[in-house]
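Comments concern the structure below.
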Amino acid sequence: MPRAVVPRAVTPTHSRLGLLRDRDFRRLFAATALGQLGDRIVFLALPLVAIVALHADEFQVGSLTAMTSAGSLLVGLPAGAWVDRMRKRSVMISADFLRAFVLMTIPAAWWADLLTVGWLYAVALVHGVLTVFFDVAYVSYLPHLVGRGHLVEGNAKLSGIRSVTGISGPAMAGPLVGWVGAPVTLLVSSAGMALSGLLAGGIRKREPKPESSERSRLVRDIREGLNFVLTHPALRAIMLGDAVFNLFLVMYQTMLLVFLEREMGLESFGIGLVLSGMGCGALLGALLAARVSKRVGQGPTIWLASLVTCPLTVLMPMANPGWSLCAAAIGMAALSLGGVVRYVAQASLQQALTPDRLLGRMNATARFVSWGGIPLGGLLGGVSGSVFGAAATLWIGAAGMTLSILPALLSPLRTARELPDGKDPEPVR
């Protein structure tokens with residue numbers, strides 16, 4: 001039997017480029033750029049297909065958001081156990097190609113005059129399930145590729161390119177939607193994800209194939225992952241805080257496009273500019289993330305980033321057309337900045353605390369708990385928008401996002417400063 005080749009961890013040899021000097025990390029970096037570009041266009045174009053092309057009401061827009069994220073509830077936990085039994089790179093490639101195909105069905109249905117809100121629901125659901133598998137594999141693959149000593153740098157660089165696409169994606173999508181229509185714009189998303197899969201397929205380093213046992217049981221594997229995450233005070237606090245944050249963030253986002261399009265009177269280009277501003281904030285956050293984590297500490301960064309930036313989101317429901325809308329857009333950019341700083345700190349901490357054999361299950365459990373409330377957030381956002389209006393829903397979302405810091409404040413993360421080093425989970429000090 002041939003020996004499994006264990007991939008050599010990436011060793012940065014240049015102070016500026018760091019991990020980008022490694023060929024395989026560059027391919028992952030480029031694949032991330034193209035896949036995220038496609039995903040950011042989906043973020044703007046898919047709701048606009050419902051709002052503009054199909055004239056969906058607030059509840060239907062909220063239901064579409066719920067369908068997009070329902071995959072975390074449907075397959076969130078078993079996805080981790082399955083991914084831990086497979087090579088993560090192969091899962092990423094397959095998910096990219098399948099997502100590209102699913103998105104292509106929307107412009108095809110539009111051209112055939114068959115597109116309905118129900119069709120959008122189905123595509124959103126399938127796309128969301130595939131995204132669960134991709135994200136679990138993607139986050140679990142990084143420690144194998146770069147080594148645990150470079151997790152903060154790897155996460156920061158990948159967050160940086162995601163932030164760049166957060167700027168360019170909406171900036172491209174806005175004019176494209178106005179020029180060719182929202183359904184056709186999704187072809188660009190499909191192409192981006194297909195190219196992402198091709199680039200990931202060119203990564204040469206291979207992780208060893210996970211050992212499988214005939215006695216292995218899916219329920220037992222899921223239970224082991226749940227037990228590890230929910231009994232670890234730092235991991236538990238991160239996920240509970242994320243669950244609260246994501247619930248109210250999705251309520252907020254569900255009505256944000258409705259608010260901008262119907263109450264602020266913005267067209268697709270203007271909406272794209274607002275979302276591009278959020279991408280600028282995210283890019284700045286990626287550039288600052290490693291420095292902030294080093295100076296402030298891993299744990300405090302997780303809750304301080306939200307405490308400083310989430311309250312600024314109240315500027316949006318207070319806005320009127322004109323200068324106050326520009327101030328509100330800056331508040332949204334600040335939210336993105338804080339979100340990326342928080343993500344880099346907590347993702348690096350989660351990866352460092354988790355042994356290799358549990359990475360997939362840890363990430364899947366984290367996604368299940370943290371993202372499980374997102375479908376509910378979409379529905380609540382739609383109901384709240386229908387009953388109270390889009391502006392009132394934005395107020396509710398801003399308050400809830402700010403309160404999401406409480407689990408971290410009541411845990412060891414309040415004062416934890418150092419990233420654990422090693423493969424075995426360690427308590428946060």
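The values are calculated or read from the model by the stated rules, or taken from the named source; none is laboratory data. No experiment lies behind these values; they were computed from the predicted model shown. Cβ: placed from backbone, ideal geometry, glycine included. Neighbour counts: every protein chain shown. Quick note on the areas: whole protein, heavy atoms, side chains included, nothing else; ligands and nucleic acids left out. Shrake-Rupley method; radii C 1.70, N 1.55, O 1.52, S 1.80 Å.
Return yes when residue 357 is among the basic types (Lys, Arg) and surrounded by 21 or more Cβ atoms within 10 Å (Cβ to Cβ) and no when it is not.
No: the conditions fail for residue 357.
Taking the criterion of being of a type in the set (S, T, N, Q) and in a helix (DSSP H, G or I), the residues of the range 276-328 that qualify are 276, 293, 298, 301, 306, 309, 313, 324.
Do you know which of the residues in the range 360-395 that are among the hydrophobic types (A, V, I, L, M, F, W, C) and either touching a Ser or Thr at 6+ places or on another chain (Cβ under 6 Å) or buried (at least 24 other Cβ atoms within 10 Å of the Cβ) (or both) is nearest to residue 224 (Cα to Cα)? Only one residue fits best here, namely 362. Taking every residue in the range 251-272 that is touching a residue at least 40 places away in the same chain (Cβ under 8 Å) and within 14 Å of residue 328 (Cβ to Cβ) and pairing it with any residue that is charged (D, E, K, R) and part of a helix (DSSP H, G or I), at least 6 positions away or on another chain, the pairs with Cβ-Cβ distances below 7 Å are 271/261. For first residues located in the range 324-348 and without any contact (Cβ under 8 Å) to a residue 40 or more places away in the chain, partners that are surrounded by fewer than 24 Cβ atoms within 10 Å (Cβ to Cβ) and part of a helix (DSSP H, G or I) and lie 6+ apart or on another chain with Cβ distances below 8 Å form the pairs 324/315; 327/315; 328/315; 331/312; 331/314; 331/315.
In the range 252-273, how many are hydrophobic (A, V, I, L, M, F, W, C) and farther than 14 Å from residue 316 by Cα? Steps first, answer last, please.
Filtering the range 252-273 down to residues hydrophobic (A, V, I, L, M, F, W, C) leaves 255-260, 264, 266, 269, 271, 273.
Now restrict to residues that are farther than 14 Å from residue 316 by Cα: 269, 273.
Counting residues in the range 252-273 that are hydrophobic (A, V, I, L, M, F, W, C) and farther than 14 Å from residue 316 by Cα gives 2.
Among residues of the range 80-95 that are farther than 11 Å from residue 141 by Cα, those with a beta-carbon under 6 Å from a residue that is open to solvent by 10 Å² or more (accessible area, probe 1.4 Å) and not in a helix (DSSP H, G or I) at least six positions away or on a different chain give the pairs 85/210; 85/212.
Looking only at the range 351-365, decide whether some residue is modelled with pLDDT under 90, under 18 Å from residue 67 (Cα atoms), in a helix (DSSP H, G or I) and under 22 Å from the mean Cα position of the chain (by Cα). Outline the logic, then answer.
First, pick out the residues of the range 351-365 that are modelled with pLDDT under 90: 351-365.
Checking the rest, the ones that are also under 18 Å from residue 67 (Cα atoms) come to none.
Within the range 351-365, not a single residue is modelled with pLDDT under 90, under 18 Å from residue 67 (Cα atoms), in a helix (DSSP H, G or I) and under 22 Å from the mean Cα position of the chain (by Cα).
Closer than 28 Å to residue 407 by Cα and either open to solvent by 20 Å² or more (accessible area, probe 1.4 Å) or among the basic types (Lys, Arg) (or both) - does that describe any residue in the range 297-305? Yes, some residue in the range 297-305 is closer than 28 Å to residue 407 by Cα and either open to solvent by 20 Å² or more (accessible area, probe 1.4 Å) or among the basic types (Lys, Arg) (or both).
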